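First comes the structure, then the notes that go with it.
The values are calculated or read from the model by the stated rules, or taken from the named source; none is laboratory data. The structure displayed is predicted, hence computed values, not measured ones. Reconstructed Cβ throughout: ideal geometry from the backbone, glycine too, with neighbour counts over all protein chains shown. Calculation scope for accessible area: heavy atoms of the full protein, side chains included, ligands and nucleic acids excluded. Shrake-Rupley method; radii C 1.70, N 1.55, O 1.52, S 1.80 Å.
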Amino acid sequence: MTSVPPEATAARLHGSVLLVGPGWLGQPTAVQLAARGATVATLQRSARIATHPDISALTGDIADAVRGPEPTAALQAIVRSALPAPIDHLVVCVAPSRARGDDYGIYPQAAAGAAALANALGIRSVLYVSSTGVYDRQDGSEVTEMSAIEPRDARVQALYDAEQRIATLARNHDATVRIVRAAGLYGPQRDPAARLAAPAFATGDVWCNFSWRDDVVSAIVHLLQYDRTPGVRVFNCADGTPLRSSSIASTLIGRPITAPAEQTPRADAAPIRSGRSNQRINVDALLATGWRPSAPTVYDGLRLLGHQVPLASATS
């Protein structure tokens, strides 16, 4: 199931694209890029059977680009076999693999490899998919692309380090770098309805932010055609409608709920973290480019997944 907005399917995208990480987000992105007219190749660590006639599926580890001359040369040869010079765009959609036992270190490793490969192959347009988790706010405040980032745990540090490494392409090699910070991804094969309707989800009554998967796809495709001036541009990508967890759970079950109480720490104890952020993601910068989400609230996305969701106020 896809729901790419009409404006995201109009313009043609000429040139070639190497997409690293053709997973749940990356593969439909590659399909959309090919549908727009781009020559597309995907790169992933394990062998992949081609699932689209217009996409070349390549096997290789992006981190090899920084592991010495021989692995670097081999990786370049793999890419060149499918995409002769010049390659117009590099898109990176890497996430940890449970099957491989990855930890958060995969983010900066992949970013460093992507930066090195882009430099070696002369790719001057790079889009890196990050996460709004990098802000890590716990106080319910609104965050924009200009909000300060102060890593306090391994995941946030890894996300931040990855962004810094990919940004070196703009600082040192005059490239156009776009960093897309996506929030709360859900969609086909990732249906969050049962979790969102559970009373435990309302614990802490935190602000929640969501991104319908195909809206992130449309944002990626859209931004590849937006302003090729060299430099780093960061865009938050979410539906633009933050909602409180208690409101979501109450709406989905059709009645008010009493959220489980949070544990109150001792006065001398460190704050207890819920394991999720409490923040409101501002997406004005992305909207200003002309992009629009097809699922402007999580309720709209749940309806696209086939759920009968009661009408609710977007400001609840």
>> Under a crude label model (7 Å from the Cα following the beta-carbon direction), how far is D139 from Q225 in nanometres?
In response: 4.1
> If contacts are Cα pairs under 8 angstrom and at least 6 residues apart, what is the relative contact order of the range 119-178 in percent?
Replying inline: 50
> At 222 nm, what helix-only mean residue ellipticity would the chain give, in deg cm²/dmol to the nearest 500, using -39500 (n - 2.57) for each DSSP H run of four or more?
Replying inline: -9000 deg cm²/dmol
> Share of antiparallel DSSP beta bridges in the chain, in percent to the nearest 5?
Replying inline: 10
> Shape of the range 41-87 from its Cα gyration tensor (a ≥ b ≥ c, root eigenvalues): rounded if a/c is under 1.5, otherwise prolate when a/b > b/c, or oblate?
Replying inline: oblate
> Residue by residue through the range 61-72, which ³J(HN,Hα) values in whole Hz follow from phi under the Karplus form 6.51 cos²θ - 1.76 cosθ + 1.60 (θ = phi - 60°), with glycine and proline marked x?
Replying inline: 9, 4, 5, 4, 5, 10, 9, x, x, 5, x, 5
> If you add up the charges near A77, with Lys and Arg at +1 and Asp and Glu at -1, over every other residue whose beta carbon is less than 12 angstrom from its beta carbon, what do you get?
Replying inline: -1
> Looking at (1) 22.4; (2) 21.1; (3) 20.4, which value of Kirkwood radius over Cα pairs in Å comes from a calculation on the structure shown?
Replying inline: (3)
> Ranked by accessible surface with a 1.4 Å probe, highest first, in what order do T51, T132, T203, T229 come?
Replying inline: T51, T229, T203, T132
> Gain in length, A288 to A73, computed as 0.36 nm per residue apart minus the alpha-carbon separation, to one decimal in nm?
Replying inline: 73.4 nm
> Per residue, how many Å² of accessible area does the chain show with a 1.4 Å probe?
Replying inline: 45
> Taking H as built 1.01 Å from N, whose amide H comes closer than 5 Å to the amide H of R181, not counting residues under 5 places away?
Replying inline: S130, F235, N236, C237
> Which part of the range 115-138 falls in the paramagnetic zone of S147, meaning amide N under 13 Å from the point 7 Å along Cα-to-beta-carbon?
Replying inline: 131-138
> Using a 1.4 angstrom probe and counting only protein chains, how large is the accessible area of D161 in Å², to 10?
Replying inline: 50
> Given a cut-off of under 8 Å on Cα pairs at least six residues apart, what relative contact order in percent is computed for the range 1-145?
Replying inline: 22
> Given labels modelled 7 Å from the Cα in the Cβ direction, how far is it in nm from N172 to R48?
Replying inline: 2.7
> Can you give me the relative contact order of the chain as a percent, contacts being Cα pairs under 8 Å and 6 or more apart?
Replying inline: 18
